[in-house]
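Take a look at the structure set out below.
The values are calculated or read from the model by the stated rules, or taken from the named source; none is laboratory data. Keep in mind it's a predicted model, so treat the numbers as computed, not measured. Here Cβ is always computed from backbone atoms with ideal geometry, including for glycine, and neighbour counts include all displayed protein chains. What goes into the accessible areas is simple: the full protein's heavy atoms, side chains included, and nothing from ligands, DNA or RNA. Shrake-Rupley method; radii C 1.70, N 1.55, O 1.52, S 1.80 Å.
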Amino acid sequence: MAFHDLEALSPAAVAALADTCEAVVSAEGAEPATERERWHQQQLFALLLGQPWPQQVTATVPVGLSGLITARRQRQEVMQLLTLLAFLEPRLDQAKLQVLERVATELQVDAELMADLEGVCRGHVLRAFGDFYRRTFRAMNDDGLVQGFARFILPSLGVGIDHARVQQYEALASAPSGSFGAALHAYYATTGLPCPGSRKGLPYPYLAIHDVHHVIGGYDIDVIGEQRVLAFTMGLVPEQALLIALPALLQFQMGIADPLAASVAPKLKDQLDVDVFARELARGAETTGPIRDLHWDFWSWIERPLESVRRELNVLG
């Protein structure tokens, strides 16, 4: 299962992308790749492009890369691949990130996010996460920074609880057996997680679709399950993929806590399972239909059989 958009690259573009991968992993030859980085680089390349790693590569970002990789979707998927390469080792490397930022600037994909990531290397963690939050609030709910934070904080004080949504979730207890709604109800009942919009839950506009992806994708809530659903969501929404991914990758691969998620997600290190992540990226990219929208109103699908929902949305595997 590969990125179909990358499978369509020309031989010249494939060779240029391999050189770019090598440039990121080795900081353009300044830092020889570790054996683990070398192995994962080749595996990722094969998984996401559907073809083997070339025998000869050069650790240089080729001149004219943007002229070889022209489609917006291809560029987004290239940046997903390259970002994973920068996270193979459980430490942020400024030289590698500078290469990544240069490529993002040339491909016109998420260059500002790459600059934020480089800022984390320089110790500007709160500033970088503040920018992640600002972009996330705007992209997911058209919220400003203050309003976005208020949605997370006020319900715990008894203000801004979404009572209508809570009632909707409670009604899932009577959803037909085998339905999407019954599976969503079971997800909260078995995990003990509070439903979005409740006093102890996270805001509906930001968490509801994440939980839906858990259910439709069949993902657990352990470390691997959270990686899988993260990658799946990235594949679903390439326009927001790195915005969604970077705070989580920093949290469980680099041990750099997301201040807003620290209460619900532990700070970990070296937890990235690259092969699993790549497969779920491709799985998400294969989906079709309204699930590809972060604002999908899934409630009209609640009473439908879960397996029917998965088939219609092309959630494979």
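Structure summary
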| read-out | value |
| --- | --- |
| Only one of A278, A231, A285, A248 that is closer than 18 Å to L202 by Cβ and either among the small types (G, A, S) or part of a helix (DSSP H, G or I) (or both) | A248 |
| Filter result for L100 (aliphatic (A, V, I, L, M), touching a residue at least 12 places away in the same chain (Cβ under 8 Å) and open to solvent by less than 30 Å² (accessible area, probe 1.4 Å)) | yes |
| V78 of a type in the set (V, I, T), buried (at least 21 other Cβ atoms within 10 Å of the Cβ) and within 20 Å of the chain's Cα centre (by Cα) | yes |
| From G197, G160, G181, G148, residue being touching a helix residue (DSSP H, G or I) at 6+ places or on another chain (Cβ under 9 Å), buried (at least 17 other Cβ atoms within 10 Å of the Cβ) and on the phi > 0 side of the Ramachandran plot | G197 |
| Search result, residues across the stretch 26-40 that are within 24 Å of Q108 (Cβ to Cβ) and either free of Cβ contacts under 8 Å to residues at least 60 places away in the same chain or in contact with a Lys or Arg (Cβ under 7 Å, 6 or more places away or on another chain) (or both) | A27 |
| Verdict on V120 being crowded, with 16+ Cβ neighbours inside 10 Å and over 22 Å from E239 (Cα atoms) | yes |
| Total residues in the stretch 292-306, condition over 19 Å from G235 (Cα atoms) and either of a type in the set (G, A, S) or in a helix (DSSP H, G or I) (or both) | 4 |
| Where H213 falls short, out of the listed (1) in a loop (DSSP other than H, G, I, E, B); (2) at pLDDT 95 or above; (3) not charged (D, E, K, R) | (1) |
| Those residues of the stretch 33-83 which are more than 14 Å from A278 (Cβ to Cβ) and hydroxyl-bearing (S, T, Y), in sequence order | T34, T58, T60, S66, T70 |
| Subset of the stretch 216-228 (residues that are part of a loop (DSSP other than H, G, I, E, B), modelled with pLDDT of 95 or more and in contact with a helix residue (DSSP H, G or I) (Cβ under 7 Å, 6 or more places away or on another chain)) | Y219 |
| Count of the stretch 236-274 residues which are modelled with pLDDT under 80, open to solvent by less than 60 Å² (accessible area, probe 1.4 Å) and out of contact with any Phe, Trp or Tyr (no Cβ under 7 Å at 6 or more places or on another chain) | 3 |
